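> Got a structure for you, written out below as structure tokens; questions coming shortly.
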């Protein structure tokens, strides 16, 4: 296991590595960090060289003054350049899936495969009320406590206090102004025209009880990406990687091994 820091456009960003073999880069969701992949490292590192990073503004990485999704994609590119990687498999969850799509748009030659978990390619009409609720909660709250509670309850389906506490702890640590900026940025993305152009093997992962990025949204992504595969993680909401890691991890490993 190796922790370190690298430079991305003058910002100091944290990354983590474990295992050996073909590179698999893990890209976290909104408000998350390297620690959000805790239940993935042991299994994935048996098969791959696993690399995770705190995108700019999150975890232990520097917080920039402004943000665009392409900045996050550049963080991944800069990390790959730093580690001397020409090509990698990318796994992104939620916002991380959006970053994967942006990365493919900008650097398709550097992508071996895509795993898009509990994510979106654009904000559907039916999701806008919940999205607006998030923004209002951020505006009206003095800190991250209320939004952390909201995310924990919405993202975990099972009656698991340990997992909800873990999510609350990770989300509370965020810079509120930056978190709000990124939330607004995610609400503006639209990769509908990009999806049919994706030419690498792609796995779409959805979760049975996900109300943030519902299974129907994942099915639409899979329908638009030629030759893609879709799987559903049972008994889980938005953070399926935490609630049912055995199933989540198995789907990822099987996809990359076949």
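The values are calculated or read from the model by the stated rules, or taken from the named source; none is laboratory data. All values reported here derive from a predicted model rather than from experimental measurement. Quick reminder, even Gly has a Cβ in these numbers, built from the backbone with ideal geometry, and neighbours come from all protein chains shown.
> Cβ-Cβ under 6 Å, sequence separation 6+ or interchain: first residue in the stretch 94-118 and surrounded by fewer than 24 Cβ atoms within 10 Å (Cβ to Cβ), partner modelled with pLDDT of 95 or more and part of a helix (DSSP H, G or I). Which pairs?
Matching pairs, first to second residue: 102/69; 102/70; 102/73; 106/73; 107/77; 111/104; 114/100.
> Considering only residues of the stretch 232-249 that are free of Cβ contacts under 8 Å to residues at least 60 places away in the same chain and either part of a helix (DSSP H, G or I) or under 17 Å from the mean Cα position of the chain (by Cα) (or both), which is farthest from residue 210 (Cα to Cα)? Lay out the reasoning, then the answer.
The first filter runs over the stretch 232-249 and keeps only residues free of Cβ contacts under 8 Å to residues at least 60 places away in the same chain, leaving 232-234, 244, 246-247.
Still in the list and also either part of a helix (DSSP H, G or I) or under 17 Å from the mean Cα position of the chain (by Cα) (or both): 232-233, 244, 246-247.
Numbers: 232: 10, 233: 10, 244: 13, 246: 17, 247: 15 Å.
Checking each candidate, the answer is 246.
> If you take the residues in the stretch 153-200 that are in contact with a helix residue (DSSP H, G or I) (Cβ under 6 Å, 6 or more places away or on another chain) and free of Cβ contacts under 8 Å to residues at least 40 places away in the same chain, which one is surrounded by the fewest Cβ atoms within 10 Å (Cβ to Cβ)?
196
> Which residue pairs have Cβ atoms closer than 8 Å, lie 6 or more positions apart in sequence or on different chains, and pair a first residue in the stretch 20-31 that is on the phi > 0 side of the Ramachandran plot and crowded, with 21+ Cβ neighbours inside 10 Å with a second residue that is at pLDDT 95 or above and part of a loop (DSSP other than H, G, I, E, B)?
Note: pairs meeting the criteria are 31/58; 31/174.
> State whether the residues of the stretch 202-212 include one that is touching a strand residue (DSSP E or B) at 6+ places or on another chain (Cβ under 8 Å), crowded, with 18+ Cβ neighbours inside 10 Å and farther than 16 Å from residue 241 by Cα.
So the first thing to find is which residues in the stretch 202-212 are touching a strand residue (DSSP E or B) at 6+ places or on another chain (Cβ under 8 Å), and the list is 202-208.
Applying the additional criterion that residues be crowded, with 18+ Cβ neighbours inside 10 Å yields 202-207.
Of the ones still in play, those that are also farther than 16 Å from residue 241 by Cα are 202.
Yes, the stretch 202-212 contains a residue that is touching a strand residue (DSSP E or B) at 6+ places or on another chain (Cβ under 8 Å), crowded, with 18+ Cβ neighbours inside 10 Å and farther than 16 Å from residue 241 by Cα.
> Report yes if residue 30 is over 27 Å from residue 190 (Cβ atoms) and out of contact with any strand residue (DSSP E or B) (no Cβ under 6 Å at 6 or more places or on another chain), otherwise no.
Judged against the criteria, residue 30 is not a match.
> Considering only residues that are farther than 18 Å from residue 181 by Cβ and part of a helix (DSSP H, G or I), which ones fall in the stretch 108-146?
If the condition is that a residue be farther than 18 Å from residue 181 by Cβ and part of a helix (DSSP H, G or I), then 108, 109, 110, 125, 126, 127, 128, 129, 130, 145 are the ones that fit.
> Kindly provide the set of residues from the stretch 188-200 that are in a loop (DSSP other than H, G, I, E, B), at pLDDT 95 or above and under 18 Å from the mean Cα position of the chain (by Cα), ordered by number.
189, 191
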